1. Check GLU116 against each of (1) outside any helix (DSSP H, G or I); (2) over 19 Å from LEU41 (Cβ atoms) and name the one condition it does not meet.
2. Mind telling me which of the residues LYS89, LYS46 ends up being farther than 30 Å from VAL148 by Cα, at pLDDT 95 or above and loosely packed, with under 13 Cβ neighbours inside 10 Å?
3. Of (1) in a loop (DSSP other than H, G, I, E, B); (2) acidic (Asp, Glu); (3) at pLDDT 95 or above, ASP133 satisfies all except one. Which?
4. Looking at LEU139, LEU111, which is the one that is under 23 Å from LYS49 (Cα atoms) and surrounded by 19 or more Cβ atoms within 10 Å (Cβ to Cβ)?
5. Output the residue which, of all residues in region 54-86 that are surrounded by 13 or more Cβ atoms within 10 Å (Cβ to Cβ) and in a loop (DSSP other than H, G, I, E, B), is nearest to the chain's Cα centre (by Cα).
6. Given the structure, is VAL60 within 24 Å of GLU123 (Cα to Cα) and in contact with a His (Cβ under 6 Å, 6 or more places away or on another chain)?
7. Look through region 41-53, keep the residues that are of a type outside the set (Lys, Arg) and within 17 Å of LEU139 (Cβ to Cβ), and return whichever of them is nearest to the chain's Cα centre (by Cα).
8. VAL82 passes all but one of (1) at pLDDT 95 or above; (2) over 19 Å from PHE53 (Cβ atoms); which number fails?
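The values are calculated or read from the model by the stated rules, or taken from the named source; none is laboratory data. All values derive from a computational prediction rather than experimental measurement. FYI the Cβ positions are ideal-geometry reconstructions off the backbone, even for glycines, and counts take in every protein chain you see.
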Amino acid sequence: MRRLSGVILAGAVMMMPALWQGDRAYAQAQALTFDGDTAILTVAIKPDKTADFEGIMGKVKEALMKSDKPNRKEQAAGWKVVKSPTAMKDGNIVYMHLISPVVKGADYSILPILYEVNTDPAEQRKLFETYRDSFAANLGGGAFSTVVDLSK
């Protein structure tokens, strides 16, 4: 099992946008996979950029559903993004990615998912900039294993 610091770093990689090289966007991270059956990642989004962030996550859902990769639809089925009803003291809005069940071996990196179905470099640049500009902070996260399931 990954150490918590490694999982938090992995979450940061997922949440933080890729770097630009030349005229094309490339995700510079290794695949983001999770051990355990549940992953929780928490981010702070700028209050005036919540619609942009939610729009990007809607595009992630579309990309997962359009993908030719067999596990992408499974990822969509277990992935929710929830929003805090109140702002943090600094005004930023907290969002949590709740992934349960985790699809073993699947890559949860946001930008590569988007780029799979958006191959035009101009569209990739727009997605990248919108995603990047929405972030205030990565608040952390981790992968977990269920020890008690109260629903069963």
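1. Here GLU116 clears every test but (1).
2. LYS89
3. (1)
4. LEU111
5. Looking at the filtered set, the residue picked out is GLY78.
6. For VAL60, the condition - within 24 Å of GLU123 (Cα to Cα) and in contact with a His (Cβ under 6 Å, 6 or more places away or on another chain) - is not met.
7. Result: LEU41.
8. All conditions are met except number (2).
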